[in-house]
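A.B. asks: Submitted below is the structure of interest, expressed as structure tokens.
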Amino acid sequence: MPNISAVSLWSNKREREMFDNYADLFAIIKTMEKLEKAYVRDIISPAEYEPACTKLIAQFKTLCTSLKDTVPDVERFMITYKMDCPAALNRLVVSGVPATVEHKSSSSSDSGSAVAVAECVQHYITAMDSLKLNMVAVDQVHPLLLDLLSSLNKVRMLSADFEGKVKTRNWIAKLSRMGAADELNEQQARQLLFDLDSSYNAFMNALPNAS
């Protein structure tokens with residue numbers, strides 16, 4: 001048999017690191033697809049699903065930051081490597097939050113309670129104060145909005161189309177398409193602060209109707 005020499009994908013350390021990162025990105029996308037299917041099929045519980053999903057989203061965002069020059073479009077990366085992972089694409093790129101947060105039922109035992117309302121107020125104030133302190137990096141803003149959306153979903157009196165929920169979901173989706181180290185520009189930060197302030201006022205105005 002003829003001698004077959006090994007073909008290396010890289011010619012230097014930098015290229016090797018890039019392909020290692022490609023492999024990690026591929027693995028995260030595939031794992032998320034499996035996780036989403038397992039959750040939909042009730043193979044794992046929401047309590048198991050949510051932290052695992054949150055961890056994968058965080059890993060994905062961190063990795064995308066280091067690959068932003070070579071992988072500017074994750075969907076194109078998936079097409080190139082023939083990855084049929086629509087659920088992962090939706091969760092990682094479009095939604096950016098676990099399904100348990102995005103579609104959380106408002107019928108939990110603490111819904112509408114004073115504790116749930118207090119959490120919302122706390123998360124609103126924290127998010128607005130952080131923006132005023134110029135904490136505008138994606139990895140700083142995203143978790144604050146995620147906490148806010150989770151707390152809003154616990155309040156029974158708020159409908160699914162309550163402006164605070166809609167605006168928060170939209171911002172989370174927008175941030176999910178950015179890298180973890182990316183920063184909101186001055187216009188974006190100002191708009192987010194305005195949206196938070198207006199939805200906070202709407203939330204406070206809705207409180208007397210809770211009874």
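The values are calculated or read from the model by the stated rules, or taken from the named source; none is laboratory data. Everything numeric in this text was worked out from a predicted model, so none of it was measured. Ideal geometry is used to build each Cβ from the backbone, glycine not excepted, and the neighbour counts take in all protein chains shown. Side chains included, ligands, DNA and RNA excluded: accessible areas come from the protein's heavy atoms. Shrake-Rupley method; radii C 1.70, N 1.55, O 1.52, S 1.80 Å.
A.B. asks: Can you give me the angle between helix 13-40 and the longest principal axis of the chain, using Cα atoms only, in degrees from 0 to 90, rounded to the nearest 10?
C.D. replies: Taking Cα atoms only, the helix is inclined about 50 degrees.
A.B. asks: Taking Cα atoms, how many degrees apart are the long axis of helix 163-176 and the longest axis of the chain, rounded to 10 and kept between 0 and 90?
C.D. replies: Result, in degrees: 20.
A.B. asks: So, one more: If R0 is 25 Å, what FRET efficiency do you get for residue 205 and residue 125 from their C-beta distance, rounded to 0.05? Each step should come with its number before you reach the end.
C.D. replies: Details: r = 16 Å, r/R0 = 0.65.
Between residue 205 and residue 125 the formula returns 0.95.
A.B. asks: Hand me the tally of lysine pairs in the chain: alpha carbons under 19 angstrom apart, and the pair either on different chains or 8 or more positions apart.
C.D. replies: Within the chain, the lysine pair count is 21.
A.B. asks: Dipole of the chain (Lys/Arg Cβ +1, Asp/Glu Cβ -1, origin at the Cα centre): which of 54, 193, 86 lies farthest to the positive side?
C.D. replies: 86
A.B. asks: Follow-up. Return the FRET efficiency for the residue pair residue 134, residue 42: r is the Cβ-Cβ distance, R0 is 41 Å, and the value is rounded to the nearest 0.05. Before the final figure, lay out the partial values.
C.D. replies: Values: r = 44 Å, r/R0 = 1.07.
After rounding, the FRET efficiency stands at 0.40.
A.B. asks: If you take the square roots of the eigenvalues of the alpha-carbon gyration tensor of segment 131-211 and sort them as a ≥ b ≥ c, do you get rounded (a/c under 1.5), prolate (a/b over b/c) or oblate?
C.D. replies: Numbers: a/c = 2.56, a/b = 1.88, b/c = 1.36.
It is prolate, given that a/c is not under 1.5 and a/b is the larger ratio.
A.B. asks: Answer rounded, prolate or oblate for segment 25-133, using the Cα gyration tensor with square roots of eigenvalues a ≥ b ≥ c: rounded when a/c is under 1.5, else prolate when a/b is larger than b/c, else oblate. Can you show the working numbers first?
C.D. replies: Numbers: a/c = 3.17, a/b = 1.44, b/c = 2.20.
In terms of gyration-tensor shape, oblate.
A.B. asks: For a Förster distance of 22 Å, can you work out the FRET efficiency between the beta-carbons of residue 24 and residue 94, rounded to the nearest 0.05? Numbers along the way, then the final one.
C.D. replies: Numbers: r = 21 Å, r/R0 = 0.95.
The calculated FRET efficiency here is 0.60.
A.B. asks: Hey, what's the per residue convex hull volume over the C-alpha atoms of the chain, in cubic angstrom? Please list the in-between numbers first.
C.D. replies: Values: hull volume 30.5 nm³, N = 211.
It is 145 Å³ per residue.
A.B. asks: Separate question: Please give the calculated 222 nm ellipticity per residue for the chain, where each DSSP H segment of at least 4 residues contributes -39500 (n - 2.57) and the sum is spread over every residue; nearest 500 deg cm²/dmol?
C.D. replies: Values: 9 runs with 133 residues, N = 211.
About -20500 deg cm²/dmol.
A.B. asks: Let me ask you something else. Suppose every Lys and Arg Cβ carries +1 and every Asp and Glu Cβ carries -1, with no other charges. What dipole size does the chain come out with about its Cα centre, to the nearest 20 debye? Could you put the intermediate results ahead of the total?
C.D. replies: Numbers: 23 positive and 26 negative charges, 66 e Å.
Dipole of the chain, to the nearest 20 debye: 320 debye.
A.B. asks: Which loop-located chymotrypsin sites (Phe, Trp or Tyr not before Pro) does segment 17-111 contain, where loop means any DSSP state but H, G, I, E or B and the Cβ has at most 11 other Cβ atoms within 10 Å?
C.D. replies: Working: sites: 19, 22, 26, 39, 49, 60, 77, 81; in loops: 81.
Passing sites in segment 17-111 are 81.
A.B. asks: With a 1.4 Å probe and every protein chain left in place, work out the accessible area per residue of the chain in Å², rounded to a whole number. Before the final figure, lay out each step's value.
C.D. replies: Details: 12300 Å² over 211 residues.
Accessible area per residue: 58 Å².
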